[in-house]
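K.L.:
Sharing a structure, written as structure tokens. Questions coming.
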């Protein structure tokens, strides 16, 4: 039986375990991020430098609720702040209250009635997000490999029929004389010819 199904199954299981490790390490690294030290802006009034196609998360001191906080981030023409209060994204000492994305490099004006911080979301990718994404992709590939391995192993081995002939039978067959039956050709009777009858003569 081919060893290919076993190799595929074992390798896929090993990669699956590795994917779990990568995801776990990634989430652990993300959880250890100190958003306050990584903040691009901290305070109530000022400016923040942003990059084109950048995405940012805004947090308020957790002494205040989302409803109690008012934030405005503008370039004097457009409001970039989008309120999204989700406790899933809360960090130690800070409450997630919104996000924003920028469409060009530049400086934006910040106004808030409570102390806030603005964090570049790329910090999450660089500190563990790539490990989480890579582990997730590897997990999907591993599951596909496991399915393929199981399918290959479940296939029935083709049945081989062996015909064994006794040596004596082969020898006896070889010693038998070959007597082809030869049938003499009988010439066809000529059309219109009468048969000749030969009767025995009396003495």
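K.L.:
State whether the residues of region 38-46 include one that is touching a helix residue (DSSP H, G or I) at 6+ places or on another chain (Cβ under 8 Å), outside the structural domain of residue 140 (by TED's automatic domain parsing) and assigned to a strand (DSSP E or B).
P.N.:
In the first step, residues of region 38-46 are kept if they are touching a helix residue (DSSP H, G or I) at 6+ places or on another chain (Cβ under 8 Å); the result is 38, 42.
Applying the additional criterion that residues be outside the structural domain of residue 140 (by TED's automatic domain parsing) yields 38, 42.
Still in the running and assigned to a strand (DSSP E or B): 42.
Yes; the residues of region 38-46 include at least one that is touching a helix residue (DSSP H, G or I) at 6+ places or on another chain (Cβ under 8 Å), outside the structural domain of residue 140 (by TED's automatic domain parsing) and assigned to a strand (DSSP E or B).
K.L.:
Do the conditions hold for residue 41, that is, is it surrounded by 14 or more Cβ atoms within 10 Å (Cβ to Cβ), touching a strand residue (DSSP E or B) at 6+ places or on another chain (Cβ under 6 Å), touching a residue at least 60 places away in the same chain (Cβ under 8 Å) and more than 30 Å from residue 155 (Cα to Cα)?
P.N.:
Judged against the criteria, residue 41 is a match.
K.L.:
For residue 99, indicate whether it is farther than 30 Å from residue 137 by Cα and either out of contact with any strand residue (DSSP E or B) (no Cβ under 7 Å at 6 or more places or on another chain) or touching a residue at least 40 places away in the same chain (Cβ under 8 Å) (or both).
P.N.:
No.
K.L.:
Now for a different question. Could you check region 69-83 and list, in sequence order, the residues that are loosely packed, with under 15 Cβ neighbours inside 10 Å and at pLDDT 90 or above?
P.N.:
Once the filter is applied, which keeps residues that are loosely packed, with under 15 Cβ neighbours inside 10 Å and at pLDDT 90 or above, region 69-83 yields 70, 72, 74, 78, 79, 82, 83.
K.L.:
Take the residues in region 19-35 that are at pLDDT 75 or above and surrounded by 15 or more Cβ atoms within 10 Å (Cβ to Cβ), then tell me which one is nearest to the chain's Cα centre (by Cα).
P.N.:
So, considering only residues that are at pLDDT 75 or above and surrounded by 15 or more Cβ atoms within 10 Å (Cβ to Cβ), the one nearest to the chain's Cα centre (by Cα) is 19.
K.L.:
Another question, then. Looking for whichever is more than 40 Å from the chain's Cα centre (by Cα) and either modelled with pLDDT of 85 or more or assigned to a loop (DSSP other than H, G, I, E, B) (or both) here; the options are 107, 60. Which one fits?
P.N.:
107
K.L.:
Quickly run through region 86-95 and pick out the residues that are under 33 Å from the mean Cα position of the chain (by Cα) and either surrounded by 15 or more Cβ atoms within 10 Å (Cβ to Cβ) or touching a residue at least 12 places away in the same chain (Cβ under 8 Å) (or both).
P.N.:
89, 90, 91, listed by residue number.
The values are calculated or read from the model by the stated rules, or taken from the named source; none is laboratory data. Please read these numbers as outputs of a predicted model, since none were measured by experiment. Backbone-built Cβ (ideal geometry, glycine too); neighbour counts: all protein chains shown.
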